[in-house]
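Q: Dumping the structure here so I can ask a few things about it.
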Amino acid sequence: MAVKFVYDFEEGNRDMKYLLGGKGANLAEMTRMGLPVPHGFTVTCEACNAYRSAGRQFPDGMLEEVAEHLEQLERGMGRRLGDPGDPLLVSVRSGAPFSMPGMMDSVLNLGLNDQSVEGLTKQTGSERFAWDSYRRLLQMYGRTVMGVEGHRFEEALEHAKEAKGVRNDVELDAGDLRRLVEEFKAIIAADTGREFPQDPREQLHLGIEAVFGSWDNRRAVDYRRKNKIDDSLGTAVNIQAMVFGNKGEDSGTGVAFTRNPANGDPHPYGDYLVNAQGEDVVSGIRNTMKLEEMGGVQPRAWEELQGHLGTLEGHYRDMCDVEFTVEQGKLWLLQTRVGKRTAFAEWIMAHDMHNEGLIDLDTALLRLDANRLEELFKKVIASGAGAEPIATGLNASPGAAVGKAVFSADDAQAWATRGEPVILVRRETTPDDYHGMIRSQGVLTSAGGTNSHAAVVARGEGIPAVCGADAIRVDRQARRFSVDGTTVAEGDWVTIDGFTGRVYAGQLGLADSPIERARSGDPEARKEKIWQAYERFMARADEVRRLKVRANADTPGQSGNAIERGAEGIGLCRTEHMFLGEERVAAVRRMIFADSAAEEQAAYDVLLPLQRDDFVGIFQAMDAKPVTVRLLDPPLHEFLPDQVELAVAVALAKERGRSEVEVGGDEAMALDEAEQMLAKVNDLHEANPMLGLRGVRLGIFKPGLYAMQVRAICEAAAKVKAEGGDPVVEIMIPLAATREELAQVREELEPVARQTLEEKGQEVAVLWGTMIELPRAALVAGEIAEVAEFFSFGTNDLTQTAFGFSRDDIGKFLGLYEERKLVPANPFVTVDQPGVGRLMRIAAEEGRQTRPTLKLGICGEHGGDPDSVRFCHTLGLDYVSCSPFRVPTARLAAGQAALGEATTASK
Ligand code: PEP
Ligand code: MG
């Protein structure tokens, strides 16, 4: 049977989003629900993909199907497309399986031409309306389908208003608009060398092509890359009978959310614009009224809308957003979907909907996006800052932000690349500003509502935004904005508060979020709903998760931080940081330079008590919780001055006849000492230090070093134990590749541990293990497990060595690799399951075959990445370990992994 490329709204449902796109599937669902949706049909994503793969050729049979469905639509509406007497007008809108707001093209009022515009005049009794509709079609069609630069039309429109001495589009009369239509047609012809097509079917076909083509435009491609949307999905095209919100004061258009997408408040929320078409709301060209004020102008439609919002939320069991139009008092729903929301609102809504009995607790928990949990911890403006706002706009996306004002997306990108925090200030943003928005700390606009492009994108990206601060005059050319006598120029500091909509000149101090405050015991913050939601969902995640969550922490302070966030141990205590600081570096250098065992020992004698004290603090902080201490890992040259800097400094001192040499921040050295140092540095120099003398190799090369560390760990454990504490010690040897490396080092170190504990008269169990961070280690894990009681996957090094990508240099080409889809995602962020993940699976399985009690964990950065946590759950690891700040994220992801598994199993 031939493939079906076109579906009537009556034929689909909400589960068909991969075929019909999200918009098409939901239009079909609303049609089935009997809601007032204008008739229409959807050309499938499959058709788009067939078109793209055939080199921009419609697939066979598609246009015939479009013609049939169009006829059906014409019959249903009792009007024909392009009919000179009584024309049907349609909208042509993109609609991909996942929402990509404003990234692709749409055209309204299609079907108008030089004849049918007269028919529309007759149909509506308004010449002005007809000509305004025609000029809108030319403007949208010219830009999106024919590729004319949008500003050409805007300038002509501005010009027409100036010439007439009016400010608003609505003040232009039919004659003015008729002239504008001629002007717009001339612009199209001049800029493209082609006339605007008068044949409505040609308009429609080109419109469909333009939507298909817009799947591959730059901003859509950028958006997909950032949001990890598959390029191969394609977009559907929805063709729908037009209804008009711009037929006078009894008409209007708006966007409504069933609940507030910014703060989760359980009441309808949105914008309404009287006498306007849909694009006027989203483009932020005119300022809107609040949704609830619609009741004052359109009481019946408002009543009906509230009813439909309730029906939709009950049906979808989630917050929905709706685009709607009121045409001469009659309400039409043009689109719905499960609405985007801030992380803050997501938690509040899940909490409320569960309380309301709309969803069960685990469904609510599974709805939370673990990747966005950190947004709940977003900063707010420090109270008591005492500053007066210079303006107030809408609280379009939460979080406070401070940065230097910039006035174009390109500048935002350039400044951010230089490391400058920026606030992007615009009258309104368009999809072309996306690249600059995502590099900004915050976005401020003077026009547009809470559903303007700026607001939608900022919320999606977790960027604070204040929109529609209409007291502000933005002068893009002069790169400044002014408000009530205050001028903020490019590079001046601005602070915005996306929670309240306030804008401040200058650099205000920011403070912790309510959750942070609640956690540190603030009783007021503990009363807030967000804290209650947080506590409830985290408790449930903790109850169901199988994975333990530990933290990577090297100091007592970090350990305390980790515990506060729910860490159940330390999965990685990197001891290299304990070798830093003036006194310690000096001793480390003495150890490196030692000519005799005695000299080396003297250096260890300095280091040992310092290290012991560090461990005491950590064991105390982590009482009764496991602490995995990793013996020294980095190459020794990291504790010496940089080779090139030192060589240059020595050469300069010699040339200038100086007796002292200064390198970096170090104290001055005598020239002969510096020369000796240089000789040693040269001696230790390695072409590939990451593959050089580091990890367990150090333990073999300098056995006294690891012995000193083990002694310090055990002395600390004995001391804490003697004081009534309960230290749980795990000693981890890094970067082993063979069983023998580990066996030998362990053979040397175990007696040191035993002896130390005996000397101190304390019994403390010590677990010995290794990191699996080399492909060979993963492949021979069965052997390694003979001499290791635990494995911790060092996925940073494992990724580096499996791919052969230097973790320190990947930034140079990773962007290109992601763009060309040469890697599915950044493998240093999310475990690459087919490669690195496979090595992990082999190591886990074969290690446990040898030693069924083998403890398994992960301590690379991936331990805090939700997708990787889920993967670790499926591997059956015992724990993940991540930075203290990501501990809540890992707890949530681990709970969701367990629940997800249960849900799948019960299906
Ligand atoms: C790792 O390699 O994943 C790891 C945790 O060790 P480090 O990052 O210290 O090399
Ligand atoms: Mg490592």
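Q: Take region 498-509 and flag every residue that is farther than 23 Å from Pro261 by Cβ and open to solvent by 60 Å² or more (accessible area, probe 1.4 Å).
A: Matches in region 498-509: Gln507 only.
Q: On to the next question. Within region 771-780, restricting attention to residues that are within 16 Å of ligand 1 (Cβ to nearest atom) and farther than 21 Å from Ala551 by Cβ, which residue is surrounded by the most Cβ atoms within 10 Å (Cβ to Cβ)?
A: Ala777
Q: Return yes when Gly521 is out of contact with any helix residue (DSSP H, G or I) (no Cβ under 9 Å at 6 or more places or on another chain) and either open to solvent by less than 60 Å² (accessible area, probe 1.4 Å) or free of Cβ contacts under 8 Å to residues at least 40 places away in the same chain (or both) and no when it is not.
A: Against the criterion (out of contact with any helix residue (DSSP H, G or I) (no Cβ under 9 Å at 6 or more places or on another chain) and either open to solvent by less than 60 Å² (accessible area, probe 1.4 Å) or free of Cβ contacts under 8 Å to residues at least 40 places away in the same chain (or both)), Gly521 qualifies.
Q: How many residues does region 822-837 hold that are away from ligand 1 (no atom under 16 Å from the Cβ) and touching a helix residue (DSSP H, G or I) at 6+ places or on another chain (Cβ under 9 Å)?
A: Matching residues across region 822-837 total 5.
Q: What do you reckon, is Arg848 in a helix (DSSP H, G or I), at pLDDT 95 or above and either open to solvent by 10 Å² or more (accessible area, probe 1.4 Å) or of a type in the set (S, T, N, Q) (or both)?
A: yes
Q: Can you find even one residue in region 451-466 that is open to solvent by 10 Å² or more (accessible area, probe 1.4 Å), outside any helix (DSSP H, G or I), within 30 Å of Gly339 (Cα to Cα) and among the charged types (D, E, K, R)?
A: The answer is no; no qualifying residue exists.
Q: Go through (1) within 16 Å of ligand 2 (Cβ to nearest atom); (2) surrounded by 18 or more Cβ atoms within 10 Å (Cβ to Cβ) and name the single condition Asp614 misses.
A: Among (1) within 16 Å of ligand 2 (Cβ to nearest atom); (2) surrounded by 18 or more Cβ atoms within 10 Å (Cβ to Cβ), Asp614 violates only (1).
Q: In region 669-688, how many are charged (D, E, K, R) and surrounded by 14 or more Cβ atoms within 10 Å (Cβ to Cβ)?
A: Residues meeting the conditions: 2.
Q: Something else now. Of the residues in region 695-740, how many are within 16 Å of ligand 2 (Cβ to nearest atom), of a type in the set (Gly, Ala, Ser) and in a helix (DSSP H, G or I)?
A: The qualifying residues number 1.
Q: Do any residues in region 825-842 that are under 12 Å from Thr801 (Cβ atoms) have Cβ atoms under 6 Å from those of residues that are open to solvent by 20 Å² or more (accessible area, probe 1.4 Å), where the two are at least six apart or on different chains, and which pairs are they?
A: Listed pairs, sorted by first residue: Gly835/Ala802; Val836/Ala802; Leu839/Pro775.
Q: Restricting to region 718-730, give me the number of residues that are of a type in the set (A, V, I, L, M, F, W, C) and out of contact with any helix residue (DSSP H, G or I) (no Cβ under 6 Å at 6 or more places or on another chain).
A: The total comes to 2.
Q: Of all the residues that make up region 670-685, how many are under 9 Å from His637 (Cα atoms) and not in a helix (DSSP H, G or I)?
A: Residues in region 670-685 being under 9 Å from His637 (Cα atoms) and not in a helix (DSSP H, G or I): 1 in total.
Q: Please give the number of the condition Gly761 fails out of (1) within 16 Å of ligand 2 (Cβ to nearest atom); (2) surrounded by fewer than 22 Cβ atoms within 10 Å (Cβ to Cβ).
A: For Gly761, the exception is condition (1).
Yes or no, residue by residue, for (1) within 16 Å of ligand 1 (Cβ to nearest atom); (2) at pLDDT 95 or above; (3) open to solvent by 70 Å² or more (accessible area, probe 1.4 Å):
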residue: Met690; (1), (2), (3): yes, no, no
residue: Glu748; (1), (2), (3): no, yes, yes
residue: Gly769; (1), (2), (3): yes, yes, no
residue: Gly782; (1), (2), (3): no, yes, no
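Q: Has region 669-688 got at least one residue that is β-branched (Val, Ile, Thr), touching a helix residue (DSSP H, G or I) at 6+ places or on another chain (Cβ under 8 Å), in contact (Cβ under 8 Å) with a residue 24 or more places away in the chain and over 30 Å from Leu652 (Cα atoms)?
A: There is no residue in region 669-688 that is β-branched (Val, Ile, Thr), touching a helix residue (DSSP H, G or I) at 6+ places or on another chain (Cβ under 8 Å), in contact (Cβ under 8 Å) with a residue 24 or more places away in the chain and over 30 Å from Leu652 (Cα atoms).
Q: Continuing with this model, one more query. Residue check: is Val66 in a helix (DSSP H, G or I), open to solvent by less than 60 Å² (accessible area, probe 1.4 Å) and closer than 29 Å to Gly175 by Cβ?
A: So Val66 fails the test.
Q: Picking from Ala716, Ala712, Ala707, which residue would you name as being of a type outside the set (Phe, Trp, Tyr), more than 16 Å from ligand 1 (Cβ to nearest atom) and more than 25 Å from Asp623 (Cβ to Cβ)?
A: Of the residues listed, the single one that is of a type outside the set (Phe, Trp, Tyr), more than 16 Å from ligand 1 (Cβ to nearest atom) and more than 25 Å from Asp623 (Cβ to Cβ) is Ala707.
Q: Look at region 84-125 and say how many of its residues are open to solvent by 30 Å² or more (accessible area, probe 1.4 Å), under 47 Å from the mean Cα position of the chain (by Cα) and not charged (D, E, K, R).
A: Qualifying residue count, region 84-125: 5.
Q: Can you work out which of the residues in region 784-795 that are away from ligand 1 (no atom under 15 Å from the Cβ) and open to solvent by less than 10 Å² (accessible area, probe 1.4 Å) is nearest to Ala844 (Cα to Cα)?
A: Result: Ala785.
Q: Select from region 796-821 the residues that are aliphatic (A, V, I, L, M) and open to solvent by less than 40 Å² (accessible area, probe 1.4 Å) and write down the one among them that is farthest from ligand 1 (Cβ to nearest atom).
A: Taking the candidates together, the pick is Leu814.
Q: Condition first: among the aromatic types (Phe, Trp, Tyr) and out of contact with any Ser or Thr (no Cβ under 6 Å at 6 or more places or on another chain). Now tell me which residues in region 205-243 satisfy that.
A: The answer is Phe212, Tyr223.
Q: Ok, one more. Kindly provide the set of residues from region 333-355 that are open to solvent by 10 Å² or more (accessible area, probe 1.4 Å) and without any contact (Cβ under 8 Å) to a residue 60 or more places away in the chain, ordered by number.
A: Val338, His354, Asn355
The values are calculated or read from the model by the stated rules, or taken from the named source; none is laboratory data. Not measured: the values here are computed from a predicted model. So basically every Cβ, Gly included, is an ideal-geometry build from the backbone, and we count neighbours across all protein chains shown. Just the protein is used for accessible areas: all its heavy atoms, side chains included, with ligands, DNA and RNA removed. Shrake-Rupley method; radii C 1.70, N 1.55, O 1.52, S 1.80 Å.
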